[in-house]
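FYI, it's all coordinate maths here, none of it is from the lab. Given the structure is predicted, the values throughout are model-derived calculations rather than measurements. Positions of Cβ are backbone-derived with ideal geometry, glycine not excepted, and every protein chain shown enters the neighbour counts.
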Ligand code: FES
């Protein structure tokens, strides 16, 4: 049985075929790995942050997700380059990223949420690992996007719970 291709717009297809800023970064200030419980796919973000200005100088990613995830991650790396981490936190939402890419099929919204959630997790991790007081603009509770982008271990637990037959729980 053949599958019906999803109606991706040309911008998504172009970024899927030729993603920007793809690959590992050796001198990253922070690396965040996150996965989406909706599909089990994973993404890794690498950010190079200027310690003094808090500006994101470089952003790269590796995606083990679908075309929508690769395309949204690619556009996110371009959108955040040159922004401070505070600007990124406040301005970059999955809705904005979805708009920037020209829209996604609704069944693929979670793929963009994963990209943005992973960026937010990276920023929170960067600030936490510094060990200094957290800034006022960082909410104590995880945002919607962070909650949807689970750390590797949380994702493995969530997925294994789902696969455990009812009788064994
Ligand atoms: S289906 Fe998993 S990231 Fe798109």
>> If you split all Cα-Cα distances of region 53-106 into 10 Å bins from zero, what percentages do you get per bin, shortest first?
In response: 24, 52, 23, 2
> What relative contact order, as a whole-number percentage, does the chain give when Cα pairs under 8 Å and 6 or more residues apart are counted?
Replying inline: 26
>> If you scale each eigenvalue of the Cα gyration tensor by 5 and take the root, what three semi-axes come out for region 1-87, rounded to whole angstrom and sorted largest first?
In response: 27, 14, 10
> In terms of the ratio Rg/(2.2 N^0.38 Å) built on C-alpha atoms, what value belongs to the chain?
Replying inline: 1.06
> With springs only between Cα atoms under 10 Å, which of 78, 153, 26 fluctuates most in a Gaussian network model of the chain?
Replying inline: 26
> Between region 57-120 and region 121-163, how many Å separate their Cα centres?
Replying inline: 16
>> Among 47-55, 34-42, 131-139, how do they line up by average Cβ neighbours within 10 Å per residue, starting with the highest?
In response: 34-42, 47-55, 131-139
